[in-house]
Number of protein chains: 2
Amino acid sequence: MTATTTRSIDWKRFSDAIAGIEIIRDATQVAKLSKDYYTYSPLLVEQLSDKVGDLVVRPTSEAEVLKVAKACVQQRIPLTVRGAGTGNYGQCIPLQGGVILDLTKMQAVKWIQPGIACVEPGVKLAALDKQARETGWEIRMAPSTYRTATIGGFIGGGSGGIGSITYGQLRDRGNLLAVRVVTMEDEPRVIELRGDDVQKVNHAYGTNGIITELEIPLAPAYPWAELIVVFDDFMTTATFGQALGDADGIIKKLVTICADPIPGYFAALRSAIPPGSHVALVMVAEQSLEPFKAMVKEWSGSICYEKSAQAAKKGTMLLEYTWNHTTLHARTVDPNLTYLQTLFPYDPELKLLEHMYQHFGDELMMHLEFIRVAGCVLPAALQLVRYSTPDRLHEIIRYHEEKGAFIANPHTYILEDGGRKTVDPVQLAFKEAMDPYGLLNPGKMKAWEMRDRS
Amino acid sequence: MTATTTRSIDWKRFSDAIAGIEIIRDATQVAKLSKDYYTYSPLLVEQLSDKVGDLVVRPTSEAEVLKVAKACVQQRIPLTVRGAGTGNYGQCIPLQGGVILDLTKMQAVKWIQPGIACVEPGVKLAALDKQARETGWEIRMAPSTYRTATIGGFIGGGSGGIGSITYGQLRDRGNLLAVRVVTMEDEPRVIELRGDDVQKVNHAYGTNGIITELEIPLAPAYPWAELIVVFDDFMTTATFGQALGDADGIIKKLVTICADPIPGYFAALRSAIPPGSHVALVMVAEQSLEPFKAMVKEWSGSICYEKSAQAAKKGTMLLEYTWNHTTLHARTVDPNLTYLQTLFPYDPELKLLEHMYQHFGDELMMHLEFIRVAGCVLPAALQLVRYSTPDRLHEIIRYHEEKGAFIANPHTYILEDGGRKTVDPVQLAFKEAMDPYGLLNPGKMKAWEMRDRS
């Protein structure tokens, strides 16, 4: 460990050094801002529920971030960066106490040009999207926490979401154009990363630099109709999802498949969806509604819910029943549920998916999000799991991996144990240079911890 | 044959029946309007060079088309529909004489809404695109004959083109929203086809209805930069093309790969491209140039030609060196060249492509157009062939088919022997209802001819 334990910190000296910057010391508030949605995972609850920062700092500018960084480096204080805390894997939990750097006050949209926006990390996705849409553009992708999540948190800890059926994942070249980061060196600096260099901090959980500005690509804004389609059986629903994903002439933003009994957890939609249904929840450009409906007909589906883009501006947003929100709604009804994150290999026949659906029966409820991965459309599954024991959960994960499905484990807060699986030498090298004392989100990057031990 | 031989036709009666509508009788003009670009194929030249219509009619409205249709039906006169005649497979050659219906005067753009345009068939693609771009939209795809081809001809005889890397092929659901067609019944009618019904006439070579209006989807308009990238060897160039096609975060409109010595045929580009180069010709959204260039760097390519979207408005258009224009430029230098149209199976490693590249050596020059087919990016090859004999050409085709490559044979004017391969029962049934006397583009639809003989 290079990080000092927080017991020896002179907090008076720290707060003097950052005079003028908001500090939160109220224990309830600090405790609240030490959490994210890791409660999705019973394993993470066990590991993280006692973790709490010493205080929260809320800078309003890059200059203030530089001051905070310097004050932390001087006393080797751990610094854990957070946005809105809507993640599910404990990405922003202060494992070793110290300062929680809450960036939600840095919410300036610096500029929007056709196809590109330059923003501060704390801007909420919905707010940015609204401004972008006024210029005919919109954000390419968003998590189901669209209303509350920040762009910085999404880039730092997310992987993709609504929009990934067209634009792939956040890690894909072109989905993040540039970032400015503040370092944790003795004299903290601002570094600009462009081109492939952005990968040094993309999805690094804030472990190797504090993102203070981002340039992100925008998508042309379409009027998105929201629909729910009901099918007789699960595999028809799933192959419909695959075919819709593969339909290059139909413009879509979301293709979510929920096996029965999942729709029963959606309180606000329950009156629209017949009991016992397998459903597809989709966002389709209004210009593509006619061919979309022809496709529904070919698959013998029936549309049980339809909102025009105009109507969708009010009330329930369909996207709030997809991605991690599917789990959220299910857990509201049954807190014993947890989930998996699975990427199935490319196979238009969905054979491995069908096997898993049948093999696990009632224990796993199939929830698919179709996304583009390296140019092809695949089902990413966020299966709901009826939780029993840690061993059984690991057994389920192992079974998937042995059969060739990729698990992005949502039951770990370790960067490399989640979706990435391998140590990223580029991110590690960048941390060595930018955060020589290992103060940033300590404990998250396994490569760093292993390096310390060697 | 149900069509009357043209010898017994009372042409005076015909022209009286369509009084007021332009008729061209000048032999040179009629001969010219009896051709398309079938000269690409030495086999088609042999079969088609003596085919000529009796006269050309140029209606200016749907009402006039109805009159012409009726006048033809009355005397059982064959009617061959044509746009600008930029096709390569003899789609619009009057095999049995009769009337050539030239629709190039029907060039109204009826309306443009966000994402959809309603047009007459004779509107030129470049003209439509220009109008659409004024509203922030553009046509989704175009052939390399963009400047001269008509939308009706493209839908009637084309398959895809520049833009297919994003939107797939014309046959894909959503790429044609509606058509109005005039029938060849005793009392010709106008029929509107929407949804999947458009497939009844889509790519049917004008054999089962005269398209008088089309609703086509538009794409959001991007500023397209034009670039040529040089690589050391062919397979690096090809895998770069595949990877660019698969890069979901990079917005592109064209990914063309030309093996050496093809770029040597491009007179206007010769000064830009180093001799002996394998090249990628691409159109990339300016917003994606930075990640695109990062990709070029990873592949050790070097950019030898770059035009901003603004600069690309003037002078040489890169797209005019791609798709069938690649063949055109090569044949200008060496008229003994012909070509193939090949679809390789999905394989990110491009193994079959590599085999063909090595197997045929100098006899085939590899030219690839990456396109989306059913959701995945594949190389469509329009290989240049050093022509020797019909037998050898068929042997080359057979070799490809045996190894698992799909050949859309460009050396036949028969609908089903080209790209589609199988009799389309929907199109045949529609012809039976709409053109009971078999007058429309006779001789093109094998299913119809076989039916006559049975």
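The values are calculated or read from the model by the stated rules, or taken from the named source; none is laboratory data. What you see is a predicted model; the values in this text were computed from it and never measured. Note: ideal-geometry Cβ built from the backbone for every residue, glycine included; neighbour counts use all protein chains shown. All accessible areas refer to the heavy atoms of the entire protein, side chains included, with ligands and DNA or RNA removed. Shrake-Rupley method; radii C 1.70, N 1.55, O 1.52, S 1.80 Å.
Close contacts from the range B:421-437, counting a first residue that is closer than 22 Å to B:LYS70 by Cα and of a type outside the set (Phe, Trp, Tyr) and a second that is open to solvent by less than 40 Å² (accessible area, probe 1.4 Å) and part of a helix (DSSP H, G or I), with Cβ to Cβ under 7 Å and a gap of 6+ residues or different chains, come to B:LEU428/B:ALA447; B:LEU428/B:TRP448; B:LYS431/B:TRP448. Taking the criterion of being in a helix (DSSP H, G or I) and in contact with a Leu (Cβ under 8 Å, 6 or more places away or on another chain), the residues of the range B:49-99 that qualify are B:VAL65, B:VAL68, B:ALA69, B:CYS72, B:VAL73. Here B:LEU66 does not fit the description of being open to solvent by less than 40 Å² (accessible area, probe 1.4 Å), touching a residue at least 40 places away in the same chain (Cβ under 8 Å) and not assigned by TED's automatic domain parsing to the domain that holds B:GLY160. Return the residues of the range B:107-136 that are hydrophobic (A, V, I, L, M, F, W, C) and either open to solvent by less than 30 Å² (accessible area, probe 1.4 Å) or within 25 Å of B:THR327 (Cβ to Cβ) (or both); say none if nothing qualifies. Passing the criteria: B:ILE116, B:ALA117, B:CYS118, B:VAL119, B:VAL123, B:LEU125, B:ALA126, B:ALA127, B:LEU128, B:ALA132. Which residues, taken from the range B:235-275, are under 20 Å from B:HIS359 (Cα atoms), open to solvent by 20 Å² or more (accessible area, probe 1.4 Å) and either in a strand (DSSP E or B) or not hydrophobic (A, V, I, L, M, F, W, C) (or both)? Within the range B:235-275, B:THR236, B:THR239, B:ASP260, B:PRO261 qualify.
Would you call B:TRP299 within 14 Å of another protein chain (Cβ to nearest Cβ), open to solvent by 10 Å² or more (accessible area, probe 1.4 Å), over 23 Å from B:TYR399 (Cβ atoms) and aromatic (Phe, Trp, Tyr)? So B:TRP299 fits the description; yes. Scanning the range B:308-319 for residues that are modelled with pLDDT of 95 or more, within 21 Å of B:PRO143 (Cβ to Cβ) and open to solvent by 40 Å² or more (accessible area, probe 1.4 Å) yields a total of 0.
Only residues that are more than 9 Å from every other protein chain (Cβ to nearest Cβ), assigned to a loop (DSSP other than H, G, I, E, B) and open to solvent by less than 10 Å² (accessible area, probe 1.4 Å): list them for the range A:166-188, please. If the condition is that a residue be more than 9 Å from every other protein chain (Cβ to nearest Cβ), assigned to a loop (DSSP other than H, G, I, E, B) and open to solvent by less than 10 Å² (accessible area, probe 1.4 Å), then A:THR183, A:MET184 are the ones that fit. Check whether at least one residue in the range B:98-121 is closer than 27 Å to B:SER41 by Cα and under 15 Å from the mean Cα position of the chain (by Cα), and report yes or no. Checking the range B:98-121: at least one residue is closer than 27 Å to B:SER41 by Cα and under 15 Å from the mean Cα position of the chain (by Cα). In the condition set (1) free of Cβ contacts under 8 Å to residues at least 24 places away in the same chain; (2) farther than 22 Å from B:THR183 by Cβ, B:ARG140 is compliant with all but (1). Scanning the range B:276-296 for residues that are open to solvent by less than 50 Å² (accessible area, probe 1.4 Å) and within 14 Å of another protein chain (Cβ to nearest Cβ) turns up B:VAL282, B:VAL284, B:ALA285, B:GLN287, B:SER288, B:LEU289, B:PRO291, B:PHE292, B:ALA294, B:MET295, B:VAL296.
Please determine whether any residue of the range A:211-230 is more than 14 Å from chain B (Cβ to nearest Cβ), touching a helix residue (DSSP H, G or I) at 6+ places or on another chain (Cβ under 6 Å), within 23 Å of A:PHE370 (Cβ to Cβ) and at pLDDT 95 or above. Yes: one or more hits. I'd like to check something: does the range A:309-319 contain any residue that is within 14 Å of chain B (Cβ to nearest Cβ), farther than 30 Å from A:PRO42 by Cβ and in contact with a Leu (Cβ under 9 Å, 6 or more places away or on another chain)? No, because not a single residue in the range A:309-319 is within 14 Å of chain B (Cβ to nearest Cβ), farther than 30 Å from A:PRO42 by Cβ and in contact with a Leu (Cβ under 9 Å, 6 or more places away or on another chain). On the stretch given as the range B:402-431, residues that are acidic (Asp, Glu), touching a Lys or Arg at 6+ places or on another chain (Cβ under 8 Å) and open to solvent by 20 Å² or more (accessible area, probe 1.4 Å) total 1. Go through B:GLY158, B:GLY163, B:GLY136 for me and flag whichever is of a type outside the set (S, T, N, Q), within 22 Å of B:VAL255 (Cα to Cα) and within 14 Å of chain A (Cβ to nearest Cβ). Of the residues listed, the single one that is of a type outside the set (S, T, N, Q), within 22 Å of B:VAL255 (Cα to Cα) and within 14 Å of chain A (Cβ to nearest Cβ) is B:GLY163. The set of residues in the range B:100-125 that are closer than 23 Å to B:TYR205 by Cβ and not in a strand (DSSP E or B) comprises B:LEU103, B:THR104, B:LYS105, B:MET106, B:GLN107, B:GLU120, B:PRO121, B:GLY122, B:VAL123, B:LEU125.
Of all residues in the range B:432-454, those satisfying the criterion of being over 18 Å from B:ILE93 (Cβ atoms) and surrounded by fewer than 22 Cβ atoms within 10 Å (Cβ to Cβ) are B:GLU432, B:ALA433, B:PRO436, B:TYR437, B:ALA447, B:MET450, B:ARG451, B:ASP452, B:ARG453, B:SER454.
Table: residues versus (1) open to solvent by less than 20 Å² (accessible area, probe 1.4 Å); (2) touching a His at 6+ places or on another chain (Cβ under 8 Å); (3) under 17 Å from A:GLY206 (Cβ atoms).
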{"position": "A:VAL45", "(1), (2), (3)": "no, no, no"}
{"position": "A:LYS51", "(1), (2), (3)": "no, no, yes"}
{"position": "A:SER61", "(1), (2), (3)": "no, no, no"}
{"position": "A:CYS72", "(1), (2), (3)": "yes, no, yes"}
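Looking across the range A:276-302, the residues that are assigned to a strand (DSSP E or B) and within 29 Å of the chain's Cα centre (by Cα) come down to A:HIS278, A:VAL279, A:ALA280, A:LEU281, A:VAL282, A:MET283, A:VAL284, A:ALA285.
Would you check which residues across the range B:332-348 are of a type in the set (Asp, Glu), farther than 15 Å from B:VAL373 by Cα and free of Cβ contacts under 8 Å to residues at least 24 places away in the same chain and list them? Listed by number, the list is empty, since nothing qualifies. Within the range B:11-43, restricting attention to residues that are in a helix (DSSP H, G or I) and more than 26 Å from B:GLY90 (Cβ to Cβ), which residue is least open to solvent (accessible area, probe 1.4 Å)? Per the criteria, the residue is B:SER15.
For the range A:334-437, the helices (runs of 4 or more DSSP H) that sit wholly inside it and include 2 or more residues that are under 30 Å from A:GLN74 (Cβ atoms) are A:425-434.
Considered as a group, the residues in the range B:140-163 that are assigned to a loop (DSSP other than H, G, I, E, B) and of a type in the set (A, V, I, L, M) include one that is surrounded by the most Cβ atoms within 10 Å (Cβ to Cβ), and that residue is B:MET141. Picking from A:GLY97, A:GLY174, A:GLY153, which residue would you name as being touching a Ser or Thr at 6+ places or on another chain (Cβ under 7 Å) and not assigned by TED's automatic domain parsing to the domain that holds A:ASN208? After ruling out the rest, the residue left standing is A:GLY97.
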